[in-house]
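Laboratory data are not the source of any read-out in this text; all were calculated from the coordinates shown. All of these numbers come straight from a predicted model, not from anything done at the bench. All Cβ positions, glycine included, derive from the backbone under ideal geometry; neighbour counts span all protein chains shown.
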Amino acid sequence: MSDMTNCCPMRNGLLDEDRIREDVHGEAHRPSPLPWAIAQLGYIGGDFRAMLDRDPALGNGATAFLEALSYAGFWAILAYRVAHLLRAVGFPILPRFIQALARFLTGVDIHPGARIERGLFIDHGMGTVIGETVEIGRDVTIFHQVTLGGRGNLAGGKRHPTLEDGVIVGAGAKVLGPIRIGAEARIGANAVVLEDVPAGATAVGIPARIIRAGLRDRYLVPRSLLAPGR
């Protein structure tokens, strides 16, 4: 296991022992192995449960279940999981057609090459874009008009961000480049994030600054990222 694993252990995250792949920050993005691509179809139930658990607008019982079926974000994730598997199998064109159809029907654009763990909740969803080399951990929440994108790097490899477990990204936020957002971090609405955010921290503004650092990372945050007076 890499040094990154030793310095940044994650609770049920992208680096825990049941992962088929190993993620090292900054290394070239590799296509998902077929076994993982098949296994991620089993995450669909967790994606649906995430809506029921995290959206207070849903009621209880059968009514909540039926309302949740109308959520565009869930159908976008479902389409992504099918497209991701087809891409891992080696279908050359069909995954991108599924992506295009899902974007047309839901307003959410998820590239089939992204790697998304169980329990992703895309609330409202309209205008959300998730790029090819994005990696998302478990139980992440993303609001509408969020972009997990690149910075125009045409060289290939890892071009998009990694979100660890439990991250919340507010409406309209832009998280750009091959950066890492630590577990349980919060990204404020309309923030533009260009650098790593430590676990448990809150980042807001353009460009984003840390206004609250996680306790274990308080003394590890670069001074350039700290808001004045922090």
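Fewest first, what order do 179, 44, 210, 93 take by the number of other Cβ atoms within 10 Å?
Ranked by crowding around the Cβ, least crowded first: 93, 44, 179, 210.
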(message) With the crude spin-label approximation of a point 7 Å out along Cα→Cβ, what separation in nm comes out for residue 36 versus residue 82?
(response) 2.3 nm
(request) For residue 153 and residue 104, compute 0.36 nm times the residue count separating them, minus their Cα-Cα distance, and round to one decimal in nm. (result) 15.0 nm
(message) Quick check on the exposure proxy: order 85, 163 from fewest to most C-beta atoms within 10 angstrom.
(response) 85, 163
(request) Mind jotting down the distance between the C-alpha centroids of region 141-155 and region 100-137, whole Å? (result) 10 Å
(message) Give me a comma-separated list of calculated 3J(HN,Hα) values for region 58-74, in order, Karplus coefficients 6.51, -1.76, 1.60 applied at θ = phi - 60°, integers in Hz, x for any Gly or Pro.
(response) 7, x, 10, x, 5, 4, 4, 4, 5, 4, 4, 5, 8, 6, 4, x, 5
(request) Write down Rg/Rh for region 165-210, rounded to two decimals, with Rg from the C-alpha atoms and Rh from the Kirkwood relation over Cα pairs. (result) 0.90
(message) For 80, 43, which order do you get if you count the other beta carbons within 10 Å of each Cβ and list the fewest first?
(response) 43, 80
